[in-house]
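Asks: A single structure is presented below for examination.
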Amino acid sequence: MKKPELLMPAGNVEKLKYAIKYGADAVYLGVVDFSLRAMRKGELITMENLKSAISTAHEMNAKAYLTLNIFGFNTDIKLLESSLDRIVESEPDALIISDPGIVRLAKKYMPSTPIHISTQANILNYEAVKFWQDIGATRCILARELPIKDVADIKQKVPDMELECFIHGAQCVSFSGRCLLSDYMTKGERKANSGNCSQPCRWSYKLLEETRPGEYQEIVQDDKGTHILSTKDLCLVKHLKEMCEAGIDSFKVEGRTKSLYYVSAVAKAYREAIDSIFVNPESDMEPYFQELLKVGNRGYTTGFYLGDGYPSDGYSYDISKGLAGADFLCEVWGKEDGYYKVKTKNKFYKNEDIEIITPSEKFITQVTEIKNANGEELELANTNQELFVKFSIPPVEYEWALVRTVGIKNGVNEMAKCCC
């Protein structure tokens, strides 16, 4: 049994660094015009800093895959051709592509760069994998609709082709993410397959009968609300052993638009879970599932992977936005005169018990002092402030430390109970 690669999203340069530091073997990143995620926060990855971002990943001993997975119109192809010099110069470890025309360009201008075929290509069977292998691809990112047993069969029939599967994160209601709802509902302004999905599957809907204009009726299923298209998030941490045994080469986590805390905490949980399996194949995965409850989620499901079709409890009828079981309180930026400089995300109080995670640590401690830049002592650290704090037990890897509330909120714990 070969240890799989842990592949994490890098929505911006800062998230790239934290993803790798918290355990990723590789990251995937995109630039605005050619990726299926449009980023808006942090130090965005652009054509201007693409080479630097990929070099940063290499310096941290990780690989970096560049997503070029839009479905391209003629104008997109022309723009891509004009950008290829900078893409070649950036030296990505692979290109993630769904459009055959872009595959052709990649083979022409970057013949030595591995090509990974995107999940958008709807790869469901070993003949499709063989087709892409004949075209020159080195890896196929399989559709989320495949059960694990089919993945194992594909690996057996095409053993020399790398296979990548999603193990965690938000799911699209449409087959392999190829959705036109956003395009239609926004009159063409927010195209899902051009990186700007408005997520209408997360909206709340009401029913209108055409002979009764203006009389809107709630769409209710089991009195849980009206988010009838909103799927729960994928979580396969309890099934990693079966996925390793299936021969999957890369475990992929969704979430380039998710927070730095999300990327870090999820990377840490899966890194430790994967490593534990290769020490003891019968390792208990429940502690890692509990860790994943502490990040934003819409409830968890195993999706199609167990082979019984999509589970009936795999939809999040009552919420559209993910809820975290723990509040992210602050990010540690540095240390000065015995105090830790932090950037607050949510409020916390002096003498409050909190939990600190770093790439190598996780422990509960207490906030013993809070002060502002003027040296004034505070009882409360409010949201979006730069402050100085002390902890009763300080982190060793403070440069990468993240602080959150202790425990898991009951509502999130209940919400996530499902077929996981």
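Asks: Please state the relative contact order of the stretch 103-145 as a whole percent: Cα pairs under 8 Å, 6+ residues apart?
Replies: Here the relative contact order equals 45 percent.
Asks: When you count, for each residue, the other Cβ atoms within 10 Å and take the mean per peptide, how do 348-358, 153-163, 91-101 rank with the highest first?
Replies: Sorting 348-358, 153-163, 91-101 by mean packing, highest first, produces 91-101, 348-358, 153-163.
Asks: Round to the nearest 0.05 the FRET efficiency obtained for residue 211 and residue 145 when R0 = 45 Å and r is the Cβ-Cβ distance.
Replies: With R0 = 45 Å, the Cβ-Cβ based efficiency is 0.75.
Asks: Which of the lysines could be linked to residue 78 by a straight reach, that is with a Cα gap under 22 Å, when you skip same-chain ones fewer than 8 residues away?
Replies: The reachable lysines, counting only those whose Cα sits under 22 Å from residue 78, are 51, 107, 108, 191.
Asks: Here is a follow-up. Please give me the summed charge of the neighbours of residue 147: other residues whose Cβ is under 11 Å from its Cβ, Lys and Arg +1, Asp and Glu -1.
Replies: With Lys, Arg at +1 and Asp, Glu at -1, the neighbours total -3.
Asks: How far, in nm, would the chain grow between residue 78 and residue 373 when pulled straight, counting 0.36 nm per residue and subtracting the alpha carbon separation? Before the final figure, lay out the partial values.
Replies: On the way: separation 295, 0.36 × 295 = 106.20 nm, distance 5.07 nm.
Working it through step by step, the gained length comes to 101.1 nm.
Asks: With a 10 Å radius around each residue's Cβ, average the other Cβ atoms per peptide and rank 127-138, 325-336, 252-263, 6-17, highest first.
Replies: Highest mean packing first, the order is 6-17, 252-263, 325-336, 127-138.
Asks: Oh, and also: Which pairs break 19 Å Cα to Cα here: 15/409; 21/252; 345/390?
Replies: Over 19 Å apart, Cα to Cα: 15/409.
Asks: Report the extension gain between residue 135 and residue 279 in nm, rounded to one decimal, defined as 0.36 nm multiplied by the number of residues separating them, less their alpha carbon distance.
Replies: Computed gain between residue 135 and residue 279 is 48.1 nm.
Every read-out reported here was derived from the displayed coordinates using simple, explicitly stated rules and does not represent laboratory data. Since we're looking at a predicted model, the values are computed, not measured. Neighbour counts are summed over all protein chains in view; Cβ atoms, including those assigned to glycine, are modelled from backbone coordinates with ideal geometry.
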